[in-house]
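*Asks:* Encoded as structure tokens, here's the structure I'll be asking about.
The values are calculated or read from the model by the stated rules, or taken from the named source; none is laboratory data. All figures in this text were calculated on a predicted structure; none of them were measured in a lab. The protein model used for the area step is the full one, side chains on, heavy atoms only, and it has no ligands, DNA or RNA in it. Shrake-Rupley method; radii C 1.70, N 1.55, O 1.52, S 1.80 Å.
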Amino acid sequence: MRYISTRGQAPALNFEDVLLAGLASDGGLYVPENLPRFTQEEIASWAGLPYHELAFRVMRPFVTGSIKDADFKKILEETYGEFAHAAVAPLRQLGSNEWVMELFHGPTLAFKDFALQLLGRLLDHVLAKRGERVVIIGATSGDTGSAAIEGCRRCDNVDIFILHPHQRVSEVQRRQMTTIFGENIHNIAIEGNFDDCQEMVKASFADQGFLKGTRLVAVNSINWARIMAQIVYYFHAALQLGGPARSVAFSVPTGNFGDIFAGYLARNMGLPISQLIVATNRNDILHRFMSGNQYVKQTLHATLSPSMDIMVSSNFERLLFDLHGRNGAAIAGLMDNFKQGGGFSVEQDRWTEARKLFDSLAVDDAQTCETIAEVFAQTGEVLDPHTAIGVKAARECRRSLDTPMVVLGTAHPVKFPEAVEKAGVGKALELPAHLSDLFSRDEKCTVLANDLKAVQAFVSQHGNRGKPL
Ligand SMILES: Cc1ncc(COP(=O)(O)O)c(C=O)c1O
Ligand SMILES: N[C@@H](CCOP(=O)(O)O)C(=O)O
């Protein structure tokens, strides 16, 4: 399998090199040159497989040539064997033909564990083989950071730096990052927002002099391996609900467009998905595109669903690439213009093509709380605010009541007590045993100005097990 850049000017890479990359050298994102496609019979034959075996079948074509089958199987068994629920990603019924897929049974209680538990193990495997050390710089609006630290903390050959927006993540999210100590773990709170953090990561790929020759690796969903791992649970859900003989629809709480892009790929790989709903909070650039063909930046607002407080949505570029017939030059033009502050629309036929599959809704904080309260009254289940946005969008945008609707349950509500409290849900939520002392643990974090040079200097000073590179 070879991977190509969405901007058409970077060399094609194999899986191992794509895993150890982030942005392509031309500023684009890597995507498979040719997507594998499974027949309906093949997909049907996977019904009832344990999660790690399904994962092997879905992801194998992407890693072929780089990771041996036996190694990959072992890594997957270890990865998903550590999840707290036997089904790994259980479906919980909310209403008639309406389900939440609970993606929060991994160690950090959010869907990011599906990919980052795997990514950490893959990095360990590949770096040990190559005898190479790397630096990771990641940006988080709350969940990627702790999942990446948890996934990579035991990697001998990695120093990891996580940038989060100072005072704009929940206390549980912050503590999940800052209470993990290790000479290779570095938390930095940036006096800015998530987009500032993400831009610093991207700028660091463009100019790596400060790393003095050490390779820079991404843990954000710009890294193809993140998206690859997230494709699996779409198959897992559909197979339990009568797929592939029957179509399934998904509603996906969306920020960086990674999770929903994985659903789009699952469909292109042969899974019958009839509808994908882009569910955003007040930071609604993706909803404005889907509903009105306008991709225009606006001010970023802090909301009760902080993990989706994102305006510059990285993976949207991967969709645009397909919508433009995989024309890298066209994407480079659009993205350059967007970076200079200009928004854009795409040609009407390209937008109409997207709308055949995608619908969207923006949900504000009041509606988020109303939905948490409504679902609690109906079922006794407490939703986290991101999942609640998915449920609200599913209920508003659903095209057919006969098609099962699966909402991606992206985080555990215990991570967001403020929203749950505001919703008036009078049910006490408890942290699981492995996090029960979270609020009494010491924290370690460095606050830095919203300044790329300051961050790069910090990385350069601490990038070798806490010592200078
Ligand atoms: C809890 C939660 N829900 C939804 C999202 C949105 O996912 P994506 O960025 O892949 O669209 C995120 C992070 O981005 C998240 O942490
Ligand atoms: N919501 C994310 C933001 C980063 O997105 P990613 O999927 O590109 O890592 C977070 O919680 O950090």
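*Asks:* Rg/Rh for region 189-277 to two decimals, with Rh computed the Kirkwood way over all alpha-carbon pairs. Could the numbers behind the result be given before it?
*Replies:* Working: Rg = 17.3 Å, Rh = 15.2 Å.
Taking Rg over the Kirkwood Rh, I get 1.14.
*Asks:* Moving on to the next point. What is the Cα centroid distance between region 120-177 and region 44-91, reported in whole angstrom?
*Replies:* 22 Å
*Asks:* Using square roots of five times the C-alpha gyration tensor eigenvalues, list the equivalent-ellipsoid semi-axes of region 79-151 in whole Å, biggest first.
*Replies:* Numbers: eigenvalues 173, 40, 14 Å².
Taking √(5λ) for each eigenvalue gives 29, 14, 8 Å, largest first.
*Asks:* In square nanometres and to one decimal, what's the mean projected area of the convex hull around the Cα atoms of region 1-158? Spell out each step's value before the answer.
*Replies:* Numbers: hull surface 44.4 nm².
Across all orientations, region 1-158 yields a mean hull projection of 11.1 nm².
*Asks:* Check cross-link reach from K356 to the lysines: straight Cα distance under 26 Å, and skip same-chain residues fewer than eight apart.
*Replies:* Qualifying lysines at Cα under 26 Å: K297, K392.
*Asks:* Kirkwood Rh over Cα pairs of region 357-406 into Stokes-Einstein at 37 °C, 0.692 mPa s: D in µm²/s?
*Replies:* In µm²/s, the coefficient is 288.
*Asks:* Treating region 3-47 as a set of equal point scatterers at the Cα positions, no solvent, please give the Debye-formula log₁₀ I(q)/I(0) at q = 0.14, 0.17 Å⁻¹.
*Replies:* Here log10 of I(q) over I(0) equals -0.44, -0.54.
*Asks:* Follow-up. Carbon and sulfur together cover what percent of the accessible area of region 407-464 at a 1.4 Å probe radius?
*Replies:* The nonpolar share, carbon plus sulfur, comes to 51 percent.
*Asks:* How much of the calculated P(r) for region 1-91 lies past 22 Å, in percent of all Cα pairs? Could you put the intermediate results ahead of the total?
*Replies:* Working: 1728 of 4095 pairs.
The share of Cα pairs beyond 22 Å in region 1-91 comes to 42 percent.
*Asks:* When only C-alpha pairs under 8 Å and at least 6 residues apart count, what is the relative contact order of the chain, in percent?
*Replies:* 20 percent
*Asks:* Counting heavy atoms of the protein chains only and a 1.4 Å probe, report the per residue accessible area for region 149-197 as a whole number of Å².
*Replies:* Each residue of region 149-197 exposes 32 Å² on average to a 1.4 Å probe.
*Asks:* Sticking with this one: Return the lysines within reach of K415: Cα separation strictly under 16 angstrom, same-chain partners fewer than 8 residues apart disregarded; answer none if there are no such residues.
*Replies:* Output for K415: K112, K427.
*Asks:* Taking just the alpha carbons, could you work out the radius of gyration and Dmax for region 86-214, both in angstroms?
*Replies:* 16.4, 57
*Asks:* Quick query: amide H of S274 versus all other amide H atoms, modeled in the peptide plane; which residues come in under 5 Å with a sequence gap of 5 or more or a different chain?
*Replies:* V248, A249
*Asks:* Step by step: find N for region 231-290, compute 2.2 N^0.38 Å, then divide the Cα radius of gyration by it. What's the final number? Before the final figure, lay out each step's value.
*Replies:* Working: Rg = 11.9 Å, N = 60, 2.2 N^0.38 = 10.4 Å.
Scaled against compact globular proteins, the figure is 1.15.
*Asks:* Further question on the same structure: Taking a quarter of the surface of the Cα convex hull of region 381-469, what do you get in nm²?
*Replies:* With every direction weighted equally, the projected area is 10.7 nm².
*Asks:* Give the Rg/Rh ratio for the chain, taking Rg as the radius of gyration of the Cα atoms and Rh as the Kirkwood radius, to two decimals.
*Replies:* Numbers: Rg = 20.6 Å, Rh = 22.1 Å.
That ratio is 0.93, to two decimals.
*Asks:* Over all distinct alpha-carbon pairs, what is the Kirkwood Rh of region 317-386 in angstrom?
*Replies:* Across region 317-386, the inverse of the average 1/r is 15.2 Å.
*Asks:* Dividing the convex hull volume of the Cα atoms of region 297-357 by its residue count, what figure in Å³ per residue is obtained?
*Replies:* Values: hull volume 6.3 nm³, N = 61.
Looking at region 297-357, the number lands at 103 Å³ per residue.
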